[in-house]
Structure formats: C-alpha cells, structure tokens
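Here's the structure, in structure tokens; my notes come after.
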Amino acid sequence: MQLTGSQMVIQALKEEGVTTVFGYPGGAIMNVYDEIYKQDYFKHILTRHEQASVHAADAYARASGEVGVAIVTSGPGFTNAVTGLATAYTDSTPLVVISGQVPITMIGTDAFQEIDAVGISRPCTKHNFLVKDVKELPHILKEAFYIARSGRPGPVHIDIPKDVTAEVGEFKYPKEISLQTYKPTVKGNIRQIKKAIEAIKKAKKPLFYLGGGIILSNSSNEIREIISKTKIPAVETLMARGSLRHDDEMLLGMLGMHGSYAANIAMSECDLIISLGARFDDRVTGRLDKFATNAKIIHVDVDPSSIGKLVNVDYPIVGDLKNVLNSMLSLVQEIDANSYESWRGLVKKYAELHPLSFEDSEEVLKPQWIIKRVGEKLGDKAVVSTDVGQHQMWTAQYYPFSYPRQFITSGGLGTMGFGFPASIGAKRAKEDKISINFTGDGSILMNIQELMTAVESNTPVINIVLNNNFLGMVRQWQTFFYDKRYAETDLSMQPNFKMLAESFGGVGYEVRTKKEFDKALDDALNQNRVAFIDAHIDRLENVLPMVPAGGTLYNMMLEFKDN
C-alpha cells in the first residue's frame, strides 16, 4: 500500500505490537506527530524533556522485556536524548529511538536545528540509520527492531529527514529479516558446554557469578533450577538483582564495590567462576591483577567481544543464556551437590561473620530502615527504580527482590536523573505493580519536570526522596579520601519537595520519624497519585561495605571510624 514516511512509522509500530511510545514533538518530526494524532494503535506519553522520553522508554523495555520506543525532534531535541541512549547502550536495553532531521537538501548547511545526529549517536548505539529515501524506510524500521532485541540487546537510532516523512512510497513490511553482516550466535557450542560441566564437577569451590544477561535473556527460571539442583553458591551483580529470590539460601548477595562480605570473599577464594551474562566490570572486580587469582573461569555470553575482554577465560561459551542454560540443565544431573558441602559451610560462615547490617536509630531516620520497611510492606507487589548514588546502593543491598525485572536502575553509565522517568516507564509496563522510585535530593532535581508527565498521564508513582542535604556518594568519598573537603556537595539550599509535588498536582509529604514515614507511605498508596515522600535521613550515613577504587575485593572497608 502507498503511505507517507510518517504513516509508515505508525504502521511499523503497529506491526511490531508497540503499545506505548514516549516522546516530545518539534518541527522536524511534526509530520510523524500529525499521524500519531490520527491513530489509536498505541498510547503516546508526552514527557517534558527528551532525556526523560528515552529513560522512560528504557525502563518500559526493562520492566516488560519488549522493545522500548521514543520519538524526538532534531537538533537540541536529539542532543537532549543522547544521555538516554548512552544509558541504554551501557546496560544493553533494547530501544528504538526515532528522531526528526532537517530536509535532505539542507543537511550540511547549518540549517536551523540541524545536528549530525547519526555521528553523535554512533558511539552510544548498537546501530543507527539516516533514512535518505522513503523506499528504504519499511526495511530500516524492521531492521531496527530486529537489531535492538536480538543478540546482545541495545538501542538503535533512526534519523528521518522531514522531507522523507512527507514522501509517499510503497509500504511492504518484512515478516522476517536476515542480515549478512549480523548473525548473533544463539546456540552455545555443546562441546564447550560439556567441558564446562566437567570443570564444575571437578571444582571444589565453584561460584555462580550472575550478571544482567540473566535478566535480559529471561533465564531466571533456568538458573534457579540449576542452582537448586547443584547447590552451588551464587552472587549477583547490580544488574542481576532479582535473578534469584532474596531469600534463596544459595544467594550470597550482591558483589563488588558495595557488595556483601560473603559475596566478595567467596569470589576471592573460589576455584571456579561460572560467569553468566556478566562483563567483569571494574565495580565488580576491583583490582584486576588481584581478582580471583585461584579461579578458572567459565564465561557464557551472547556477545563474543565481552568474553576475554578483561580477564583470561578458560571455558568460553558464546550463545544466548537461555539456550545455554537449557543445555546445561540436561547435564547437571551428573553433578554431585554433596561434593560442595564444605564450600557451602565456609561461605555460610562468611555470611555469619559480617552480615549486611546497619546501626538503626529511633532519633533519626536511617535510609536502610526506610528501604527495608518498604520491602516489608510491598515486597513483590512493587517494581522498584532508583536514581544513582547512595540510595541506589542501599536499595540494591536492602530491598528484598523476588523476581527478574523488578529492579530498574542505571548501572554502567550511572545516570543521575534516570529514576523518576524510569519509574513512569516501569509503571506503564507493569500497571498491576506499585511503582516505587528511591531517589536522592540531588538526583530528583535533574528531571523534576516529569512531575507534570506523571500527573497528566495519570501515572501514579511514589518517589521516596532519601534527603540528606548532600550529593551523598560524592560526600562519602570526600569524607573517606579527601579529608572532608566538601567541595560543592552541600545541598542544604533546596526546594520544599512537598509543596513542589503539590504545585504540579501531585501529593507531597515531609517526614522525619519512622511513624511519620509509615503514615505517609500508607496514605500515598491509598491516594493512587504521583507522590513525593521527602524523608529527612541521617546526613552522614555511609554505604558500607566499600571496596575503595583500585582496591581488592578481599580488602573491604566494613566500617568507618571518624577520627
């Protein structure tokens, strides 16, 4: 059928089963927005900033497992979206971001709101396109969704000049697609898998190292079954929280810079690392030359470039985790779980020696207590997002995650301002869940305008601001390593968050005690509106344990004595 380029975009979204789109209109993308106005296939959520559009689409993808979609205009509209693209790229989130561009004849003339969007997006996307002919558009749209969701997922950017959106062409949307230069390996080599199983059988101290690939590949059920059968202890990265239930007896917690004592020591002393969808990030490994020096490594990943990139790998397996784990499941009956009994006893002692804990108080709110309290009240009823900083680490440490895609956070890029728009996207994806955003008084201001988005779109999100009047994580480093020179981290001058929320049409609370917090949370849940709970917490509370940058996992700071 004959359609304009703008109509093709709408039709392609329908063909891909897209039900929610986030975006912000402008001159170069106006033709597409005119068609959005006419259609009723999907819901469009108007954010109040393009960065928020992409973050919301990102979180929608993370929470739903589908491809997220955002639409923005050219020039500053696109450059505002770049942080969102980089966030999604670093955490391997499947996105399609469509931007408008000046007409083809004006590209390269420094036209109004012209920017080299493809050049800018190249380093922070899995792939990108500049559409030069409307005839190419159907195939490009199909390619974009295929590339975004296949192999190692990631964001794909399509830049469409305004004249292309107005041109008429034949719309034939491919049912299937095959690219000669892009054929991800999805089925793991069975010989390598058998070698890995043999290595596990011979190991005395094996350890599962679970990464975000478990979540992305929907492999949580498979890894839970394997761990249940083998009784091999496991650790999770920040991006893997929820792969196992928080109360799984084999789970030692999160590892890395702010990981648990048991997780970090187990990683340091194991003799075999079974890495599943993890990339040996510096925040996990600490000093590489001292990382797990006695261990052989099995590394399973769909992205071959990740294997051996940072550590030497003894058993590389390229393939989709779900397929590889299903192959492993048919072989794990050969593994004698009893052979690891002494290892399990040892890691249990580690957990008992230094359990994750904090010194609670009845005089001042402790952030850890707040997160645990929300977990007690909501548990698996909530989908939890965070911004970046101390509150992010406390959430990862203390919230009782029970299922995959429950925790939505910016891991690799560490993007402040991610949490609020992410909580909106997560709520649109999981309408049956309560959307909770743990944030800080620094992060929340970076996309505070999304209060209007939440109110207008009737998206009830509860933002819990752990307010310590500081850029907390930077302040913590300044305390530990910069002799308390608090350079530009004091945020004592800040708005009244309660009144701010109310001025946008939401509901606000200001709390300083446990009783006040409980009352505010209960009321916010009953209101079913966007809410801000401004919780004044202990200003100088630190995130512990901590592995100093460049340090080793086995040499953690378990406490901080202020001399």
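The values are calculated or read from the model by the stated rules, or taken from the named source; none is laboratory data. Everything quoted here is computed from the prediction, not taken from an experiment. Reconstructed Cβ throughout: ideal geometry from the backbone, glycine too, with neighbour counts over all protein chains shown.
Would you tally the residues in region 530-563 being in a loop (DSSP other than H, G, I, E, B) and under 24 Å from Phe504 (Cβ atoms)?
1
Given the structure, is Ile147 under 21 Å from the mean Cα position of the chain (by Cα) and either modelled with pLDDT under 95 or assigned by TED's automatic domain parsing to the domain that holds Tyr89 (or both)?
Judged against the criteria, Ile147 is a match.
Can you pull out the residues in region 220-241 that are crowded, with 24+ Cβ neighbours inside 10 Å and either more than 21 Å from Asp271 (Cα to Cα) or at pLDDT below 95 (or both)?
Matches in region 220-241: Leu238, Met239, Ala240, Arg241.
Determine which single condition Ala262 fails, assuming it passes every other condition in (1) in contact with a Phe, Trp or Tyr (Cβ under 9 Å, 6 or more places away or on another chain); (2) of a type in the set (A, V, I, L, M, F, W, C); (3) within 17 Å of Met239 (Cβ to Cβ).
Only one criterion is unmet by Ala262, namely (3).
Considering only strands (runs of 3 or more DSSP E) fully contained in region 1-55, which possess at least 3 residues that are over 19 Å from Glu431 (Cα atoms) and in contact with a strand residue (DSSP E or B) (Cβ under 8 Å, 6 or more places away or on another chain)?
2-4
Looking at region 165-249, what helices (runs of 4 or more DSSP H) fall wholly within it and have at least 2 residues that are within 29 Å of Ser64 (Cβ to Cβ), touching a residue at least 40 places away in the same chain (Cβ under 8 Å) and out of contact with any His (no Cβ under 6 Å at 6 or more places or on another chain)?
213-216, 220-230
In region 285-320, which residues are assigned to a strand (DSSP E or B), within 24 Å of the chain's Cα centre (by Cα) and without any contact (Cβ under 8 Å) to a residue 60 or more places away in the chain?
Scanning region 285-320 gives a single hit, His299.
I need a count of the residues in region 51-108 that are surrounded by 24 or more Cβ atoms within 10 Å (Cβ to Cβ), farther than 21 Å from Arg149 by Cβ and among the hydrophobic types (A, V, I, L, M, F, W, C).
Final tally of qualifying residues: 2.
Please state which of the following conditions Asp360 fails to meet, knowing it meets all the rest: (1) touching a residue at least 40 places away in the same chain (Cβ under 8 Å); (2) in contact with a Phe, Trp or Tyr (Cβ under 8 Å, 6 or more places away or on another chain); (3) not aliphatic (A, V, I, L, M); (4) not assigned by TED's automatic domain parsing to the domain that holds Glu198.
Here Asp360 clears every test but (1).
It is to be established whether one or more residues within region 143-162 are outside any helix (DSSP H, G or I), of a type outside the set (A, V, I, L, M), surrounded by fewer than 18 Cβ atoms within 10 Å (Cβ to Cβ) and in contact (Cβ under 8 Å) with a residue 60 or more places away in the chain.
Among the residues of region 143-162, not one is outside any helix (DSSP H, G or I), of a type outside the set (A, V, I, L, M), surrounded by fewer than 18 Cβ atoms within 10 Å (Cβ to Cβ) and in contact (Cβ under 8 Å) with a residue 60 or more places away in the chain, which makes the answer no.
Report yes if Gly286 is in contact with a Gly (Cβ under 9 Å, 6 or more places away or on another chain), at pLDDT below 95 and either closer than 24 Å to Tyr182 by Cα or not basic (Lys, Arg) (or both), otherwise no.
So Gly286 passes the test.
What do you reckon, is Tyr403 in contact with a Lys or Arg (Cβ under 9 Å, 6 or more places away or on another chain), crowded, with 24+ Cβ neighbours inside 10 Å, outside the structural domain of Arg283 (by TED's automatic domain parsing) and of a type in the set (Ser, Thr, Tyr)?
No, not satisfied.
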